[in-house]
Amino acid sequence: GAGVSQSPSNKVTEKGKDVELRCDPISGHTALYWYRQSLGQGLEFLIYFQGNSAPDKSGLPSDRFSAERTGGSVSTLTIQRTQQEDSAVYLCASSSLGVWGEETQYFGPGTRLLVL
Amino acid sequence: AQKVTQAQTEISVVEKEDVTLDCVYETRDTTYYLFWYKQPPSGELVFLIRRNSFDEQNEISGRYSWNFQKSTSSFNFTITASQVVDSAVYFCALSEVINDMRFGAGTRLTVKP
């Protein structure tokens, strides 16, 4: 399809394990965003990539979280030593130019992470 | 500090009623952007509108309309003649600077037939 895709759609893991979440943005989109939607917490911005530039990681909740974007396209969000409070839906979005606030972000379906 | 407040956690209306979803924001910047997103039961966020801080003109798109008032720091969203398909969680969001976007807690709208 032509939209943002994310995998896996669901992930159940044990506390302390590492997980990788993948996002495939819309082809040609230079900007990619990660958000987290926790129960009762609403939507939380995590990180933003513009092309191949180094991202601003200040939104990441802890140093257990990291994200990469290879070749300016696919992105991976990694959570190390997962904790139960990491359980959430992780949403990825992309936009064509990355001119912040001035264009539409298209969201993927999300990855639902459950840490037991 | 809470940047975006959606005081209505849940709203329930009967089909064809009009409904207004409130959004109050907090910022010290003169340049900022406001957004509304819809999240239907399927989970995917759907962009509805973007407004920059220099454009206070109200906007109407079909049954949807938005009232942006800087004097009260509000960006309210009205659905006219609501339909069952409007049932969703609606998020208001504020972006002040690059790499930062703050969402409200969302308002769950249920439209009953």
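See the values below:
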quantity	calculated
Vicinal HN-Hα couplings computed from phi for the range A:71-84 (Karplus, 6.51 cos²θ - 1.76 cosθ + 1.60; Hz; Gly/Pro x)	x, x, 10, 4, 10, 10, 9, 10, 10, 9, 6, 4, 10, 4
Over chain A, relative contact order from alpha-carbon pairs under 8 Å, at least 6 apart, %	38
Projected-area mean, the range B:42-113, by convex hull of Cα positions, square nanometres	5.9
Value of D in µm² per second that Stokes-Einstein yields for chain A, Kirkwood Rh from Cα pairs, at 4 °C (1.567 mPa s)	92
Residue with peak Gaussian network fluctuation, chain A [Cα springs, cutoff 10 Å], from A:L77, A:L39, A:L60	A:L39
Inter-site label distance for A:T70 and A:S7 at 7 Å from Cα along Cβ, in nm	1.2
Residue among A:A93, A:A31, A:A54 with the largest mean-square fluctuation in a Gaussian network model of chain A, springs linking Cα atoms under 10 Å	A:A54
Residue-count net charge about B:T5 - beta-carbon cut-off 9 Å; Lys, Arg +1, Asp, Glu -1	-1
Among A:E44, A:E68, A:E14, residue whose mean-square fluctuation peaks in a GNM of chain A (springs only between Cα atoms under 10 Å)	A:E14
Whole-percent pair-distance distribution, where bins are 10 Å wide, for the alpha carbons of the protein assembly as shown	8, 32, 35, 20, 5, 0
Order of B:I60, A:I79 under a 10 Å beta carbon neighbour criterion, fewest first	B:I60, A:I79
Peptide A:68-78, shielding by other chains (average Cβ, 10 Å cutoff)	0
Set of the range B:77-93 residues, backbone N closer than 11 Å to the point 7 Å along the Cα-Cβ line of B:E17	B:82
In sequence order, calculated HN-Hα J values of the range A:89-94 (Karplus, 6.51, -1.76, 1.60; Hz; x Gly/Pro)	9, 9, 10, 10, 9, 9
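Read the figures in this text as sums done on the coordinates, not as results from a lab. Fair warning: this is a prediction, and the values are worked out from it, not measured in the lab. Cβ: placed from backbone, ideal geometry, glycine included. Neighbour counts: every protein chain shown.
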